[in-house]
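The values are calculated or read from the model by the stated rules, or taken from the named source; none is laboratory data. Computed from a prediction, not measured in an experiment: that's the story for all the values here. So basically every Cβ, Gly included, is an ideal-geometry build from the backbone, and we count neighbours across all protein chains shown. When the accessible area is computed, the model is the full protein with side chains, heavy atoms only, and any ligands, DNA or RNA have been set aside. Shrake-Rupley method; radii C 1.70, N 1.55, O 1.52, S 1.80 Å.
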Amino acid sequence: MSDMKDLGLGKIEHIGIAVKDLKAAEQVYTKLLGCKPYKREAVASEHVITSFFQAGPNKIELIQATEPHSAIAKHIDKRGEGLHHMAFVVNDIAAEMARLREAGFQVLSEKPKLGADNMLVAFIHPKSTGGVLVELCQKQS
Ligand code: ZN
């Protein structure tokens, strides 16, 4: 039973993939996953446009930069296209951010931001997680 006060990361909410050309990547992933994207959404706070696929129980988020200074554009410049982040469901994002900061992880924002899918999100720097950018997601009620 899930207790809303439980701390710790929950299931993987989605996997984020950085792409240069959203339309081209949507075509590749439509073929790969055998299903079409169910929505596109711009996330103003991150200067990106995203496209979501639901493949069985798994959600995949393709992310394209809309501005050259977007973190996604910088990521692609440095590492090329590909796996960008893993997102986990959390029940209480503020409490998780505090717990992870306390545990020595580098939480990238002071407060949660509004992300895609009407979720509150926060990111943990890959330097503190073995090279993987981690996103925390809390569904807004
Ligand atoms: Zn994400």
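Sparsely packed loop sites in the range 6-114 (the trypsin sites (Lys or Arg not before Pro) outside DSSP H, G, I, E and B with at most 12 other Cβ atoms within 10 Å) comprise 11. For the chain, the convex hull drawn through the C-alpha positions has a volume of 117 cubic angstrom per residue.
Per atom type, the chain shows carbon and sulfur on 56% of its accessible surface, probed at 1.4 Å. Springs join every pair of Cα atoms under 10 Å in this Gaussian network model of the chain, and among 82, 34, 130 the largest mean-square fluctuation is at 130. Per residue, the chain exposes an accessible area of 58 Å² to a 1.4 Å probe, with every protein chain left in place. Springs join every pair of Cα atoms under 10 Å in this Gaussian network model of the chain, and among 33, 22, 120 the largest mean-square fluctuation is at 33. Taking 7 Å steps out from each Cα toward its Cβ at residue 42 and residue 74 produces label points 2.2 nm apart. The share of alpha-carbon pairs in the range 68-141 lying farther apart than 14 Å comes to 62%. The solvent-accessible area of residue 12, taken with every protein chain present and a 1.4 Å probe, is close to 80 Å². Ligands, DNA and RNA aside, residue 30 has an accessible area near 40 Å² when probed at 1.4 Å. In the chain, the calculated helix contribution to ellipticity at 222 nm averages -6500 deg cm²/dmol per residue, counting -39,500 (n - 2.57) for every DSSP H run with n ≥ 4.
For the range 18-119, run through the chymotrypsin sites (Phe, Trp or Tyr not before Pro) and keep only the ones in DSSP coil with at most 12 other Cβ atoms within 10 Å of their Cβ. Could you put the intermediate results ahead of the total?
Values: sites: 29, 38, 52, 53, 88, 105; in loops: 38, 105.
The qualifying sites are 38.
Label-to-label distance for residue 99 and residue 52 is 2.4 nm, based on points extended 7 Å past Cα in the beta-carbon direction. Straight-line reach from residue 23: which lysines fall under 21 Å, measuring Cα to Cα and dropping same-chain residues less than 8 apart? Cα-Cα hits under 21 Å: 31, 36, 39, 59, 74.
Could you work out how much longer the chain between residue 32 and residue 20 gets when fully extended? Use 0.36 nm per residue separation minus the Cα distance between them, nm to one decimal.
Details: separation 12, 0.36 × 12 = 4.32 nm, distance 1.76 nm.
Extending this stretch completely gives an extra 2.6 nm.
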